[in-house]
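Have a look at the structure below before the remarks.
The values are calculated or read from the model by the stated rules, or taken from the named source; none is laboratory data. If you're wondering where the values come from, they're calculated on a predicted model, not measured in any experiment. Cβ sites come from the backbone with ideal geometry, for glycine too, and all protein chains shown count toward neighbours.
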Amino acid sequence: MSTFTVHEPPRRKNEEAASPDRFAFVRDGFYFWAFVLGPVWMLYHRLWLVLLMYLVGTTGLQIALWTLGVSGAVKFAVGLLIALLVGFEAGTLRRWSLRRWTDRGTVVAHNREAAEHRFFDRWFDGTSASYEPPAPLRPAHVPTSDHDVMGLFPEPQSRS
């Protein structure tokens with residue numbers, strides 16, 4: 001099962017609610033194609049600023065390695081580690097590019113289509129297509145007195 005984060009786009013003019021077709025579902029986990037073809041994957045997902053930072057960072061790093069005179073094996077290893085980092089953090093990079101969108105929570109499902117069904121089943125009322133955001137999560141227990149222990153030290157004490 002995969003975990004997806006759901007992002008609602010900003011509303012357009014004369015739009016009461018964002019269209020469900022424009023919602024973004026971002027899977028958490030390793031992205032193979034981001035690992036193998038990082039810049040192409042970034043272009044495909046329109047991550048322009050991420051691509052620019054990637055190109056500047058990797059170019060600067062390779063120039064620094066060349067200036068230091070390290071071997072080709074070290075340069076290859078550094079490039080491979082950067083590709084692994086991009087593969088593991090691809091979901092985070094996509095979520096960062098959606099930072100102006102509203103985060104609507106997480107969904108656990110086998111694939112994206114199942115995640116969409118599960119999310120929109122909770123999102124929309126079964127009888128009408130009215131816009132109803134899910135209720136925010138509330139903590140199960142809120143400390144009500146000073147005697148509740150939080151952490152290792154129950155009460156602050158002064159040193160004598």
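Give the residues of the stretch 1-21 that are surrounded by 14 or more Cβ atoms within 10 Å (Cβ to Cβ) and not small (Gly, Ala, Ser), sorted by residue number.
Just the residues of the stretch 1-21 that are surrounded by 14 or more Cβ atoms within 10 Å (Cβ to Cβ), to begin with: 2-9, 18, 20.
If the condition is that a residue be surrounded by 14 or more Cβ atoms within 10 Å (Cβ to Cβ) and not small (Gly, Ala, Ser), then 3, 4, 5, 6, 7, 8, 9, 20 are the ones that fit.
Which pairs turn up if I take residues in the stretch 100-111 that are in contact (Cβ under 8 Å) with a residue 40 or more places away in the chain and look for partners that are of a type in the set (Phe, Trp, Tyr) and outside any strand (DSSP E or B) with beta carbon separation below 6 Å, at least 6 apart in sequence or on another chain?
Taking only residues 6 or more apart or on different chains, the pairs are 107/119.
All but one of (1) under 20 Å from the mean Cα position of the chain (by Cα); (2) without any contact (Cβ under 8 Å) to a residue 60 or more places away in the chain hold for residue 56; which doesn't?
Here residue 56 clears every test but (1).
Of all residues in the stretch 7-53, which are more than 19 Å from residue 88 (Cα to Cα), in contact (Cβ under 8 Å) with a residue 12 or more places away in the chain and not small (Gly, Ala, Ser)?
The answer is 7, 8, 9, 10, 16, 20, 22, 23.
Select from the stretch 48-100 the residues that are among the aliphatic types (A, V, I, L, M) and in contact with a Leu (Cβ under 8 Å, 6 or more places away or on another chain) and list them in ascending order.
Narrowing the stretch 48-100 to residues among the aliphatic types (A, V, I, L, M): 49-53, 55-56, 61, 63-65, 68, 70, 73-74, 77-78, 80-86, 90, 93, 98.
Within the stretch 48-100, 50, 51, 74, 78, 82, 86, 93 qualify.
Go through (1) modelled with pLDDT of 90 or more; (2) in contact with an Asp or Glu (Cβ under 6 Å, 6 or more places away or on another chain); (3) not in a helix (DSSP H, G or I) and name the single condition residue 27 misses.
(2)
Please go through the stretch 3-17 and give me each residue that is part of a strand (DSSP E or B) and under 13 Å from residue 104 (Cβ atoms), ordered by number.
Here is the first cut: in the stretch 3-17, the ones part of a strand (DSSP E or B) are 3-8.
Passing the criteria: 4, 5, 6, 7, 8.
Taking residue 67, is it surrounded by 11 or more Cβ atoms within 10 Å (Cβ to Cβ) and polar (S, T, N, Q)?
On the way: surrounded by 11 or more Cβ atoms within 10 Å (Cβ to Cβ): no; polar (S, T, N, Q): yes.
Judged against the criteria, residue 67 is not a match.
Listed residues 57, 91, 79, 105; which is closer than 24 Å to residue 26 by Cβ, surrounded by 14 or more Cβ atoms within 10 Å (Cβ to Cβ) and out of contact with any Asp or Glu (no Cβ under 8 Å at 6 or more places or on another chain)?
Details: 57 fails: surrounded by 14 or more Cβ atoms within 10 Å (Cβ to Cβ); 91 fails: out of contact with any Asp or Glu (no Cβ under 8 Å at 6 or more places or on another chain); 79 fails: closer than 24 Å to residue 26 by Cβ.
Just one listed residue meets the conditions, 105.
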